[in-house]
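Report on one structure; see the data block that follows.
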Amino acid sequence: MSKKLFSNNDIKILSKNKYVKKVSKKGITYTDEFKILFIAENEKGKFPREIFSECGFDIKMLGLKRIQSSGSRRRSAFRRNDVEQLQDPRKFKTGRPTEKDVSLGEKYEKLQAKLMLLQAENELLKS
């Protein structure tokens, strides 16, 4: 985490950006859309600083260290588990995990849903 703290004015400005889900004095939570966009643009050869700037972020406000660290985390997460790893896991966890056995049909349905999600994300990135 960066040592640079955001002022109340910085928080107001950052929270207006469509790629910011949440912002506090100490950190920023980016939207899943931004994370996917970041990886797509980075794969095309753009630098993290360019991507953040094009997405409406003030580089001086964020600080280069925060941008570099964020880029490094996104690339590392993408390498570990592709697009799934980029999504915020907190929205999928609803408490105690279930311990029921999943049938073959249910596994197939989950995989179909996952495939449709990935196809939709690919279409989003193409446009």
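A few points about this structure:
- Test for K26: is it among the basic types (K, R) and assigned to a helix (DSSP H, G or I): no
- Meets criteria (modelled with pLDDT under 80, open to solvent by 80 Å² or more (accessible area, probe 1.4 Å) and closer than 16 Å to E33 by Cβ) for K100: no
- Taking segment 34-54 as the range and being free of Cβ contacts under 8 Å to residues at least 40 places away in the same chain, on the phi < 0 side of the Ramachandran plot and either of a type in the set (S, T, N, Q) or open to solvent by 20 Å² or more (accessible area, probe 1.4 Å) (or both) as the test, the residues that pass are E41, N42, E43, K44, K46, F47, P48, R49, E50, S53, E54.
- Complete set of residues in segment 1-33 that are basic (K, R) and free of Cβ contacts under 8 Å to residues at least 60 places away in the same chain: K3, K12, K16, K18, K22, K25, K26
- Filter result for S15 (modelled with pLDDT of 85 or more, over 16 Å from the mean Cα position of the chain (by Cα) and hydroxyl-bearing (S, T, Y)): no
- Residues of segment 53-70 that turn out to be closer than 13 Å to I28 by Cα and either assigned to a helix (DSSP H, G or I) or β-branched (V, I, T) (or both), as a count: 6
- Among the residues of segment 58-80, those identified as open to solvent by 50 Å² or more (accessible area, probe 1.4 Å), among the charged types (D, E, K, R) and at pLDDT 80 or above are D58, K60, K65, R73, R75.
The values are calculated or read from the model by the stated rules, or taken from the named source; none is laboratory data. For clarity, every value in this text was computed on a predicted model and none was experimentally measured. Backbone-built Cβ (ideal geometry, glycine too); neighbour counts: all protein chains shown. Only protein heavy atoms, including side chains, enter the accessible area calculation; ligands, DNA and RNA are left aside. Shrake-Rupley method; radii C 1.70, N 1.55, O 1.52, S 1.80 Å.
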